[in-house]
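One structure below.
The values are calculated or read from the model by the stated rules, or taken from the named source; none is laboratory data. It should be emphasised that the depicted structure is a prediction, and the values quoted were computed from it without experimental measurement. Using ideal geometry, Cβ is built from the backbone for each residue, glycine included, and neighbour counts are taken over all protein chains shown.
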């Protein structure tokens, strides 16, 4: 994973972890590494984040615990090159992150693609709460019908119940804010691809803080311990 890297893996992981977890800019990290006698350009740190975030997320997902059967679906706005784009997210009834997906558009095809991904990875929920979005409602109905047609092992699967409620969806609105709080110091993303990768890393750290990973050696590991465990 770190073969051929000029810097030790402890330095790389420290920079990646601090950037994804805390309100720091790349230049903040450059200065902090200089105080530790490491001369690391901010562009190198950015390359580390882009390269290692997907790898770390894949490894974390292997340890991710199951989610509940009641979901909250919503999307939030993220600015890239001065344009608003959309981070689709699902959390469950206890606040755990179910799935997320970053996309340039906010429309029915995007919502359906996101929900198919969530259903494929996590199975069918009993109920989904939306904030009144007709697009999300139509996407749920369509993807639910597709899912029931494919699953012929059990007769007459019940349709997913849909609840329209802004009040009940405050849970996911609050969860959005924790992601947006980390993004704010970045002053906007420069490209769609780097935005998607970085957001995935931020979502991973958010799941780590919610103790969504299974670590037999420690029921409440720190962020540092979780990073070390998933690369071991």
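See the values below:
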quantity	calculated
Odd one out for residue 84 among (1) touching a helix residue (DSSP H, G or I) at 6+ places or on another chain (Cβ under 9 Å); (2) in a strand (DSSP E or B)	(1)
Residue that is modelled with the lowest pLDDT, among those in the stretch 139-184 that are out of contact with any strand residue (DSSP E or B) (no Cβ under 8 Å at 6 or more places or on another chain), closer than 21 Å to residue 77 by Cβ and in a helix (DSSP H, G or I)	184
Among the candidates 148, 177, residue that is surrounded by fewer than 14 Cβ atoms within 10 Å (Cβ to Cβ), within 27 Å of residue 61 (Cα to Cα) and without any contact (Cβ under 8 Å) to a residue 24 or more places away in the chain	177
The stretch 94-112, subset without any contact (Cβ under 8 Å) to a residue 60 or more places away in the chain and surrounded by 15 or more Cβ atoms within 10 Å (Cβ to Cβ), residue farthest from residue 66 (Cα to Cα)	106
Listing of helices (runs of 4 or more DSSP H) fully contained in the stretch 1-81 that carry 1 or more residues being closer than 28 Å to residue 112 by Cα and in contact with a helix residue (DSSP H, G or I) (Cβ under 7 Å, 6 or more places away or on another chain)	42-61
Per-region count, the stretch 87-117, residues within 14 Å of the chain's Cα centre (by Cα) and either part of a loop (DSSP other than H, G, I, E, B) or not assigned by TED's automatic domain parsing to the domain that holds residue 148 (or both)	2
Residues that are in contact (Cβ under 8 Å) with a residue 12 or more places away in the chain and assigned to a helix (DSSP H, G or I), drawn from the stretch 118-138	118, 119, 121, 122, 135, 136, 137, 138
In the stretch 120-140, the residues that are closer than 24 Å to residue 208 by Cβ and surrounded by fewer than 20 Cβ atoms within 10 Å (Cβ to Cβ)	120, 121, 122, 123
Tally of residues being surrounded by 14 or more Cβ atoms within 10 Å (Cβ to Cβ) and over 24 Å from residue 209 (Cβ atoms) across the stretch 18-37	1
